[in-house]
Structures are given as C-alpha cells and as structure tokens.
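The values are calculated or read from the model by the stated rules, or taken from the named source; none is laboratory data. These numbers were taken from a predicted model, which means no experiment stands behind them. Here the Cβ positions follow ideal geometry from the backbone for every residue, glycine too, while neighbour counts run over all protein chains shown. With ligands, DNA and RNA removed, areas are computed over all heavy atoms of the protein, side chains included. Shrake-Rupley method; radii C 1.70, N 1.55, O 1.52, S 1.80 Å.
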Amino acid sequence: MEKEVRYGVGEQSFEVMREGGFQYVDKTSFIEKIIRKGQYYFLGRPRRFGKSLFLSTLKCFFLAKKDLFKDLYAESIDWEWKTYPVLYLDLNVGEYSEPWHLENRLNSTLSLWEEEYGIEKKNDDPSIRLEYDIRRIYEKTGMKIVILVDEYDKPLVNTLDNPELFESYRKTLAAFYSNFKSSAEYLRLVFLTGVSRFGHLSVFSGLNNIDDISFDDSFSAVCGITEQELYDNFKTGITLLSDKFQISESDIKLELKKRYDGYRFSAHGQNMYNPYSIVNVMNKEEFRSYWTYSGQPTILIQQLRKFNVNLEHIISVKCRLDALMGLDLNNSNPISLLYQTGYLTIKNYDNRRDIYTLGIPNIEVEEGRLLVIHSTILRNHFKR
C-alpha cells in the first residue's frame, strides 16, 4: 500500500516538518550559498511564501541537527556540523498597538536568551541589552553567534496609520539592529526577512553592509516552488487530483500553473508557484484561492486608501529596479508596494534598457486584486 503523503499546511518549523514526515521541498542548497558568500543578509518576499520555514531550516543547520537533513542537499555540504549559538527573533507574533508593545516583545525575547545562556540582565533598554548579551554569549560559548530575525518590519507595518508610534518603533528597531554591525566580530551570520524593504527610514542605517538577496538571480528560488519541484515533490497529489476530477494529469498541471504560478523575483530568475496555495490544494484536493483568502496585507490597504490609488488600472507597468527595492511611504506611487506584497511580479526584463515589466502573476492574484479593490472602496465609503 502506498504511503500516505502528509502536507504541513501553514507549518513553519523545519524540525516539525522533518520529524513529522511532512512533504518538504528541499531548499537546503541555498544554505551553502549563504555560508560561503557573506555575513549579513536581507530577504524580502510576500506573505506566506516560506520565509519563516527557511529561517527555521537555517536555525536547525547551525544548531547541528544533522539527522534532520538526512537525504537533503545540506547533508552533502562540506561542513563541520558544530553547534552555534542561535538567537531567533520572531516579530511576526505579538501586538503592536501601544508604545510599550515593541520593547516588551524585544525584552521578553532577550530574557529567554539570557536564561538559556545563563546571562545576568544588565539593562532595560533593548539595544544596550542586546549589545551586552551578544558579547557575553560569545565569551561563554567560544562560538560566533547566528542571529535570525523573522518579519523584521511587522511592527512598522502594523503602525502605518499611527505616525507617532511608527516613528517610535522605527527608532527602537534602528537602534536594536545597529548592534548587528557594531558586534560583527562576535557574529557568524545575520539573516533578516520581511515583506517590505522600507526606504528613507534609516531602519538599516547602522547596517549598511547588508546583502539584499531579494533580487539576486542565484536566490530567486529560495522561497516558493519551481515547476520542477512541483512535479518532483507532488506527484501523488497531482495523480489524486487527476482521479478526482477525471481529467488528465497534464490538464491538472496546466490548471495549477494558471492559478498559482507566475511569480518572478529577479531579472533572470525562475518562475515560482505560491507554496501556500500548492500545499493547500494538495491537502484539500480542491482548487481554491487559498493565498488570497488567508488575509489581505494591512500595509497595502492602508496605503491605497491614503493616496486614493485606483488599483483597477494597475495591471501592467514598466520601471527600473530602484522603483521596486525601497518602500517610501511618502510616495503615492504604489508600484513597489504592489510588487513587495505579491500583487505584481516581474514578467520581463529588457537588459538593453534596464527596464522591468511587471504584471499580475496568476488567476489567484487577480481575484485577490479585485478583493482588495472592493475592500478599499468599502473602507473609503464608511470612512466618509
């Protein structure tokens, strides 16, 4: 009897995925690129695209949990499998509506690290506290530290409609992140993820040597599912869909492509399928707009409303790379915002003119765009 395939819908823990026998698309080849290439990284991708799972994979790798990597690419890497101290900060969880919420979140995480490594708390200021903790952890373990930050921008996104609180959070995060550069001698790796790369806000002012791999061709497939990965990892699911709907497997593949493929994150990168939707389709054996109805990005709704942007006419646009890289909240041009939140993607790149053509990735995102338009109209109506 064929073994039943388990799909980790919404699961963000590499350890749970591997120990639970869930279907895992091997992304560990990118770990080799990271450990050989540099020290500081930033990766921006739309929500539910696998950023948290990749960070969790990095965490397990640096904690030397080698058994979890059996039969994966990482098992073949020339690596000593030493246990590094890993500091994992998840800003995707928690409330960010009051001035003290962010500091409470940072300090509660610092307390966990201090308890784990037997360090005495020396200060109430998160930035000063982190600086001290990094040095003491290095001294106690004799190992350089790995720092992983998931959704670095969540507190900022959640306070866009509150300029005073937004500015307070920005200063707190800028001071906190500045320790990553000043403590470079104690650090093995710093890796941050988020949806948006905020421009002109000095969040990374103290970390000007960070490598933004969001548009790097060699990292274009680090999150999401390539067509070959879909065919290699989801054969059983495709067959079950074919049997259920009584159509050929080639027609099932075509339907998956029309609905969930079409994302591209660099000039010459591969087209990517939405991983959240693919896993849900395989698990439920139904074609639905899973990503669209899993939530609408707050940042998008707020900015469209703020500048009264008509999303109905934004279907295909041309721009240069710098228009996509930084998110300037004082600029009414929504292109970078629509790209970073996944509602537009790279469709073509003109190397001669250095021009990117953007468009809607697939049917699911088109449905999502219409939903955002409807939500924006309703909010503007009730606001009046």
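Less than 5 angstrom separates the built amide H of Leu187 from those of Ile145, all sequence-distant by 5 or more or on a different chain. Once backbone amide H atoms are built at 1.01 Å from N, Lys347 has Thr357, Leu358, Gly359 as its partners under 5 Å, excluding neighbours fewer than 5 places away on the same chain. The figure for Leu89 is an accessible area of roughly 0 square angstrom, using a 1.4 Å probe on the protein chains alone.
Shown in residue order for segment 150-163 are the 3J(HN,Hα) couplings computed by the Karplus curve 6.51 cos²θ - 1.76 cosθ + 1.60 at θ = phi - 60°: 9, 6, 4, 9, 4, x, 6, 4, 6, 10, 4, 8, 9, x Hz (x for Gly and Pro). In plain terms, the chain from Glu95 to Val5 could stretch by 28.8 nm, reckoned as 0.36 nm per residue minus the Cα-Cα distance. Between Asp26 and Ser111, the contour length at 0.36 nm per residue exceeds the Cα-Cα span by 27.3 nm. Largest first, the residues Tyr290, Tyr186 sort by 1.4 Å accessible area into Tyr186, Tyr290.
Using the Karplus relation 6.51 cos²θ - 1.76 cosθ + 1.60 with θ = phi - 60°, the per-residue 3J(HN,Hα) values for segment 172-177 come to 4, 5, 4, 5, 5, 5 Hz, with x marking Gly and Pro. With 0.36 nm allotted per residue and the present C-alpha distance subtracted, the Asp322-Lys140 stretch has 61.2 nm of extension available. Within the shell defined by Cβ-Cβ distances under 11 Å, the residues around Val93 carry a net charge of -2, with Lys and Arg each +1 and Asp and Glu each -1. Remark: spin-label model distance Lys33-Asn123 equals 3.7 nm, labels positioned 7 Å along the Cα→Cβ axis. With both labels modelled 7 Å from their Cα along Cα-to-Cβ, the Asp212 to Glu285 distance reads 4.5 nm. Comparing Lys140, Lys306, Lys181 in a Gaussian network model of the chain, where Cα atoms under 10 Å apart are tied by springs, the biggest mean-square fluctuation is seen for Lys140. Which residues' amide hydrogens lie under 5 Å from the amide hydrogen of Tyr263, considering only partners 5 or more residues apart or on another chain, with H built in the peptide plane? When sequence neighbours closer than 5 places are left aside, the close amide H contacts are Met272. In the context of the full set of protein chains, segment 1-157 has a per residue accessible area of 47 Å² (1.4 Å probe).
Taking the accessible area of the chain, probe 1.4 Å, and keeping the other protein chains in place, the carbon and sulfur fraction comes to 46%. When only Cα pairs below 8 angstrom with a gap of at least 6 residues are kept, the chain shows a relative contact order of 18 percent. Considering only Arg197, Arg352, Arg105, the mean-square fluctuation computed in a Gaussian network model of the chain, springs between alpha carbons under 10 angstrom, is largest for Arg352. Exposure check, 1.4 Å probe, all protein chains in place: Ser13 carries approximately 30 Å² of accessible surface. Among the listed values (i) 64, 61, 44; (ii) 68, 51, 42; (iii) 57, 52, 39, the one computed from these coordinates for Cα extents along the principal axes in Å is (i). A Förster radius of 22 Å combined with the Cβ-Cβ distance from Asp232 to Glu80 puts the calculated FRET efficiency at roughly 0.15. Accessible area of Glu131 (1.4 Å probe, protein heavy atoms only, ligands and nucleic acids ignored): about 90 Å². Taking a Cβ cut-off of under 14 Å around Thr83, the surrounding Lys, Arg, Asp and Glu residues balance to a net charge of +4, with basic ones at +1 and acidic ones at -1.
In vacuum, with every alpha carbon of segment 132-204 counted as one equal point scatterer, what does the Debye formula give for log10 I(q)/I(0) at q = 0.12, 0.13, 0.14, 0.16 Å⁻¹? Two decimals, please. Listed by q, the Debye log ratios stand at -0.38, -0.44, -0.51, -0.63.
Order Trp100, Trp81, most accessible first, counting only protein heavy atoms with a 1.4 angstrom probe. Spell out each step's value before the answer.
Numbers: Trp100 140, Trp81 35 Å².
So, going from the largest accessible area down, we get Trp100, Trp81.
Residues in segment 22-34 carry Karplus couplings, in order, of 6, 4, 10, 7, 5, 10, 6, 5, 6, 5, 4, 4, 5 Hz; the curve used is 6.51 cos²θ - 1.76 cosθ + 1.60 with θ = phi - 60°, and Gly or Pro positions show x.
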